[in-house]
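Notes follow the structure.
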Protein chains: 2
Amino acid sequence: MHGAVPRGFTIHTAPVGIEDDGRDDLCIIASDVPARSAAVFTRSRFAGPSVTLSRDAAADGRARGVVVIARNANVATGVEGSRNATAVRDSTARALGIAPSELLVASTGVIGRQYPMPQILDHLNGLTWPPAGEPRDMTAAARAIMTTDTRPKFLSARIGEATLTGIAKGVGMIEPDMATLLTFFATDAELDEETLAAVFKRVMDITFNAVSIDTDTSTSDSAAIFSNALAGPVDPEEFEQALLSVALGLVKMIASDGEGASTLIQVEVEGARDEAQAKRVGKAVVNSPLVKTAVHGADPNWGRVVMAIGKCQEDTDILPERVAVRFGDIGVYPPGADEDERRDSVAAYLKAADEVVIGIDLGIGEGRFTVYGCDLTEGYVRLNSQYTT
Amino acid sequence: MHGAVPRGFTIHTAPVGIEDDGRDDLCIIASDVPARSAAVFTRSRFAGPSVTLSRDAAADGRARGVVVIARNANVATGVEGSRNATAVRDSTARALGIAPSELLVASTGVIGRQYPMPQILDHLNGLTWPPAGEPRDMTAAARAIMTTDTRPKFLSARIGEATLTGIAKGVGMIEPDMATLLTFFATDAELDEETLAAVFKRVMDITFNAVSIDTDTSTSDSAAIFSNALAGPVDPEEFEQALLSVALGLVKMIASDGEGASTLIQVEVEGARDEAQAKRVGKAVVNSPLVKTAVHGADPNWGRVVMAIGKCQEDTDILPERVAVRFGDIGVYPPGADEDERRDSVAAYLKAADEVVIGIDLGIGEGRFTVYGCDLTEGYVRLNSQYTT
């Protein structure tokens, strides 16, 4: 059932020739009937026109779908780039017979290049809806939005009679041109507008907003959910659990995909003053190049973790004598008498795991947060330095 | 004259066996007469006892020297580590016949291990002052504080009759265990206390506080200057220029040393609202893994620079249409008609340069700041993942 299309959604994918390899690079996901939606976008100061248009369209919670162009971000392309994004949206909306304001636009890939507009418009102007040929599922959509991802990322869940399917494409570690993240969810579950927005925000905050591969924020990050209610009402809590499991699964796929990354790192911070402090400490650790390379090398060098915690200089309530650090279940700080033995256990743990858990207890309060990232490998450097645009 | 010892300073270096390779790992630099001093230290929440002791000693501006132990940071070592740092300081002060409060302590290397105290104290308790044997110069001192630096870093300047010599040891890119930075300056120039403190702070802010190799802040960073006035008064502005040139030279040595780093990156930001904004933007660019790998691969992918500028999300006065970006003298953004030609020029510039300048004009105000960093290479990952502690 993974990749299943919720009822009342139609998918279209096609190669419009952004690059010359015949791969699908255009993708449309849209509900056949009006839908509710929620969306979040990059906060980059260099956000592209796709993000700007989508932010406007998403404001009223009435978007029913998205058109995605992959392998060209359409960012830093000036007035011409804005005009092109509008033309892509309007031509798609016309083909689907919906209002342009019901459609989001997303794009991902190299920065600073114009779209090849004649071939894109040729395709969209000849498009019938529903599209001719075999119906596509969400797997095809996940494949069409890839840039340098090594595999498509999609997951589905059932909530009573309803289906929820999410797709995503990679971030930095597997993305030579940009740490670009796109993720879209389609569901036929019925939720009222406020619940949908609240649930989506809560889940994004602890999944996609908790993943960090290389600290490079994309100009194109977009996440949206479309719900057309065709399966009727569902229990909101059950829906939130389903969305959480699908989103978390996609986040883990992203953090562990690709030539560059080999190990998922999960940093679980507890005992913080509040959730914000827990997140700050978690990010300091998961983003530390020295922690990331130690995990890659299975080096039981826990000193790098305390160094990274120490970087939170404004958090003057963090006191070394209250902090505890573990790798998996193995406590490493404060150090004890069996230091050498524990280092050996940590080395063995790091060698065996393809998912490393670093636990930190700050010993201050009740705040907790978990962040996700990956190791730093020669493959990341190779991929990002040898790729020529 | 580089490495010259300003008059009235005595240097001692020796191997006390922190590791078993016979390399010098203990270093003492001290003025024979009382001195004035200024110092700055890491703000890490996991600062070690060396930093804590030194911060206290430096407070009155009367330190006359420093004892450094290299290749063991003495950090995260608890009460025992604090006792050991105090013992090192007190034994050294006793050997030199000065008050413990006149001596700074610094340490750098692996975290979470206790000093081998018996052999350190054996050495210090047998030490005569001035030390027996050939006098050492600042080159020997620069060598004794190295961890995995590939070469010692020292520079001297003349100010009238006075000498100023600075030494430093590496940061992250060349330092498998910690992004640890130590730098010390000795001078026989006479400056009043307030001038010395103000000049030192100003110069550190635009040199050592403007360098960033891998965003990992050390638990041991320490910088200090000792001035014993034996060469008499100097022109403060001339002294500041000399200190700036020595400090900047050391910063560039640090950013370009080592197996890991191959190219110095200098990001010059102008047209900012203020200096703080210019520094924030510069750091976002110089720390971006995607910019760093692009420089390493001589990839003219300027899109990564605008992406990195875009990460300054709180700076809502940064507008893409006002920003200009150049590599060396070659303007790349806003893009122009001769796009392909400019990409070729940038690629040629990146291939040829071992010092890459990225210029950014934000088009807002008069604020400017320059930051220093280096590229990200397979060597960095190798060094930091394969080194076992």
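The values are calculated or read from the model by the stated rules, or taken from the named source; none is laboratory data. All of these numbers come straight from a predicted model, not from anything done at the bench. Positions of Cβ are generated from backbone atoms using ideal geometry, with glycine treated the same way; all protein chains shown enter the neighbour counts. Areas reflect the complete protein model, heavy atoms only, side chains present, ligands, DNA and RNA absent. Shrake-Rupley method; radii C 1.70, N 1.55, O 1.52, S 1.80 Å.
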Kindly indicate whether any position in segment B:336-346 is at pLDDT below 90 and part of a strand (DSSP E or B).
no
Would you check which residues across segment B:126-141 are at pLDDT below 90 and either under 16 Å from B:CYS27 (Cβ atoms) or open to solvent by less than 10 Å² (accessible area, probe 1.4 Å) (or both) and list them?
B:GLY133, B:GLU134, B:PRO135
Number of the condition not met by B:GLY78 [criteria: (1) farther than 23 Å from A:ARG343 by Cβ; (2) more than 20 Å from the chain's Cα centre (by Cα)]
(1)
Kindly indicate whether A:LEU96 is farther than 29 Å from A:PRO233 by Cβ and either within 14 Å of chain B (Cβ to nearest Cβ) or open to solvent by 10 Å² or more (accessible area, probe 1.4 Å) (or both).
no
All but one of (1) within 7 Å of chain B (Cβ to nearest Cβ); (2) touching a residue at least 60 places away in the same chain (Cβ under 8 Å) hold for A:LYS292; state the number of the condition that does not hold.
(1)
Restricting attention to segment B:354-389, and to residues there that are in contact with a Gly (Cβ under 7 Å, 6 or more places away or on another chain), crowded, with 17+ Cβ neighbours inside 10 Å and assigned to a loop (DSSP other than H, G, I, E, B), which single residue is farthest from the other protein chains (Cβ to nearest Cβ)?
B:ILE364
Exception for B:GLY81 within (1) touching a Phe, Trp or Tyr at 6+ places or on another chain (Cβ under 7 Å); (2) within 14 Å of another protein chain (Cβ to nearest Cβ) falls at (1)
Quick check on this structure: which one of B:TYR349, B:TYR333 is more than 12 Å from chain A (Cβ to nearest Cβ), of a type in the set (Ser, Thr, Tyr) and open to solvent by 10 Å² or more (accessible area, probe 1.4 Å)?
B:TYR349
Which of the residues spanning segment B:142-194 are modelled with pLDDT under 80, over 28 Å from B:ALA229 (Cα atoms), assigned to a loop (DSSP other than H, G, I, E, B) and open to solvent by less than 30 Å² (accessible area, probe 1.4 Å)?
B:ASP149, B:GLY170, B:VAL171, B:GLU175, B:PRO176, B:ASP177, B:MET178, B:ALA179, B:THR180
Where A:ASP315 falls short, out of the listed (1) open to solvent by 20 Å² or more (accessible area, probe 1.4 Å); (2) within 9 Å of chain B (Cβ to nearest Cβ):
(1)
Here's a check for you: in segment A:195-233, which residue that is among the small types (Gly, Ala, Ser), surrounded by 24 or more Cβ atoms within 10 Å (Cβ to Cβ) and part of a loop (DSSP other than H, G, I, E, B) is modelled with the highest pLDDT?
A:SER220
Hits in segment B:268-287 (condition: within 14 Å of chain A (Cβ to nearest Cβ) and part of a loop (DSSP other than H, G, I, E, B))
B:ARG273, B:ASN287
Return a yes/no flag: does segment B:66-73 have any residue that is more than 22 Å from B:ILE11 (Cβ to Cβ), within 14 Å of another protein chain (Cβ to nearest Cβ) and at pLDDT below 90.
yes
Which of the numbered conditions does B:GLU268 fail, given that it passes all the others? Conditions: (1) more than 20 Å from the chain's Cα centre (by Cα); (2) within 24 Å of B:THR377 (Cβ to Cβ).
(1)
Inspect all residues belonging to segment B:40-57 and state whether any of them is of a type in the set (Gly, Ala, Ser) and farther than 18 Å from B:THR183 by Cβ.
no
For segment B:295-312, which positions are among the small types (Gly, Ala, Ser) and either within 19 Å of A:PHE46 (Cα to Cα) or more than 10 Å from every other protein chain (Cβ to nearest Cβ) (or both)?
B:GLY303, B:ALA308, B:GLY310
Name the residue that is least open to solvent (accessible area, probe 1.4 Å), counting only residues in segment B:320-330 that are more than 7 Å from every other protein chain (Cβ to nearest Cβ) and within 11 Å of A:ALA76 (Cα to Cα).
B:VAL323
Would you point out which residue out of A:SER288, A:SER262 is closer than 20 Å to A:TYR380 by Cα and open to solvent by less than 10 Å² (accessible area, probe 1.4 Å)?
A:SER288
Residues located in segment A:288-310, provided they are part of a helix (DSSP H, G or I) and under 23 Å from the mean Cα position of the chain (by Cα):
A:PRO289, A:VAL291, A:LYS292, A:THR293, A:VAL295, A:HIS296
Pairs please, first residue from segment B:127-155 and without any contact (Cβ under 8 Å) to a residue 40 or more places away in the chain, second anywhere and open to solvent by less than 40 Å² (accessible area, probe 1.4 Å) and assigned to a helix (DSSP H, G or I), Cβ atoms under 8 Å, 6+ apart in sequence or on different chains.
B:THR128/B:ALA95; B:PRO152/B:THR139; B:PRO152/B:ALA142
Of the residues A:ASP192, A:ASP188, A:ASP122, A:ASP149, which single one is over 30 Å from B:VAL332 (Cα atoms) and touching a helix residue (DSSP H, G or I) at 6+ places or on another chain (Cβ under 9 Å)?
A:ASP192
